[in-house]
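Bear in mind these aren't lab numbers, they're just calculated from the coordinates by the rules spelled out. Note that the coordinates shown come from a computational prediction; the quantities given were computed from them, not determined experimentally. Cβ atoms come from the backbone with ideal geometry, glycine included; neighbour counts cover every protein chain shown.
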Amino acid sequence: MPVNDYAALLRAEDIHKTFPVSHGRQLKAVDGVDVTIFEDEVVGLVGESGCGKSTLGRTLLKLHEPTSGKIIFDGEDITDYSRKQMRPVRQKMQMVFQDPFASLNPRMRIRDSVRAPLDAFGIGTREERDERVRALLEYVGLGANHIDKYPHELSGGQRQRVVIARAVILGPKLVVCDEAVSALDVSIRAQVLNLMKDLQYQQHLSYLFISHDMSVIRFICDRIMVMYLGQVVEVAGRDELFENPAHPYTQALMSAIPVPDVDHHTMKIELSGDVPSPLDPPQGCRFHTRCPYAKPECSKTQPIPVEIEPGHAVSCLKYA
């Protein structure tokens, strides 16, 4: 997707990630995706389950090695970096996973879990690390009475605060949040989102925020990427995307957002059929098998991104 990459913190070009399966077949989890994230920006990544969102996030952090493509982070081409070369880069990029309980060692106290990144990189003395942990836990809403507890003694919201504190304690520039609030109750979700916003402003963080919840995306993101079956089909600023969704898939996602107003009526766009398998994606436009506006040429020609407004790009033959 075209975007001005001036002062970009992360720029990924034509990222592919495939996984080998039986009989020599390849699962195309990510298929030719471009990503640009600027400093102090929150980019949302939305789409149905199985579309490749999490795989893309992990690939950008090189938790998965890209099959092909280029990743430039903070001015460095890290595409072919070894694990040893990636070690200093890890201080500047972190991840928050969906399940906070699975993200924490059940045998480690909260103090030790949050301090672990400081220990791994040998930052400060033991006393300085402990003080930094105490201050950060207090900032995220966990007082001194939580510091020596184990993960099972905390609620889901408290555990996610611990995971967030651990992710930001090294002062990273980029945090990838993979469904970071989807497992939380609605009231707790709002508190955690506000905390993440506060941390962004305080520490000048950039987020790649992966979610299927459009209301969460609208609240926290500056720019949004819509992903379908391994490819990005639309990119736009938050307000532009919600007011003028261009791709039929984006329109369908928007129509599914519940509105808390009994007098508000929105025409629901029903998508027929199931999401095709990434083992055997459709020819032409990936979405044509479910698109209510599909034409014969959609099954033959793969659309390329077209900028229909400044900063608003869409991959659909309607705009070709």
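Structure values in brief
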item	result
Interatomic Cα distance distribution for region 180-320, bins of 10 angstrom, percent	10, 35, 34, 17, 4, 0
Packing-based exposure ordering (other Cβ within 10 Å, fewest first) of 159, 83	83, 159
Dimensionless Rg/Rh of region 28-82 - Kirkwood Rh, Rg from C-alpha atoms	0.95
Relative contact order of the chain, defined on C-alpha pairs under 8 angstrom at six or more residues apart (%)	21 percent
Selected from 233, 145, 294, residue furthest toward positive end of dipole (the chain; charges at beta carbon)	145
Exceeding the 24 Å Cα-Cα cut-off - candidates 53/84; 62/173; 17/318	53/84; 17/318
222 nm mean residue ellipticity, helices alone, for the chain (DSSP H n ≥ 4; -39,500 (n - 2.57); rounded to 500)	-9000 deg cm²/dmol
Dipole in debye (nearest 20) - the chain, about Cα centre, beta carbon charges: Lys, Arg +1; Asp, Glu -1	1060 debye
Packing rank of 310-319, 16-25, 175-184, where each peptide gets the mean count of other beta carbons within 10 Å, highest leading	175-184, 310-319, 16-25
For region 120-189, alpha-carbon Rg and Dmax in angstrom	13.1, 39
Highest average packing first - 225-231, 52-58, 195-201, Cβ atoms within 10 Å	225-231, 52-58, 195-201
For the chain, with +1 on Lys and Arg beta carbons and -1 on Asp and Glu, the positive-most of 96, 21, 224 along the dipole	21
Most fluctuating residue given options 102, 116, 12, as computed from a GNM of the chain linking Cα atoms under 10 Å	102
Ratio Rg/Rh, restricted to region 70-152 and using Cα atoms, in which Rh is the Kirkwood radius	1.04
Compactness of the chain as Cα Rg over 2.2 N^0.38 Å, two decimals	1.05
Which of 172, 211, 313, positive extreme of dipole for the chain (C-beta unit charges)	172
Contact order relative to length of region 114-247, as percent, for alpha carbon pairs under 8 angstrom and 6 or more apart	18 percent
Within region 97-152, trypsin sites (Lys or Arg not before Pro) in DSSP loop having at most 13 other beta-carbon neighbours inside 10 Å	107
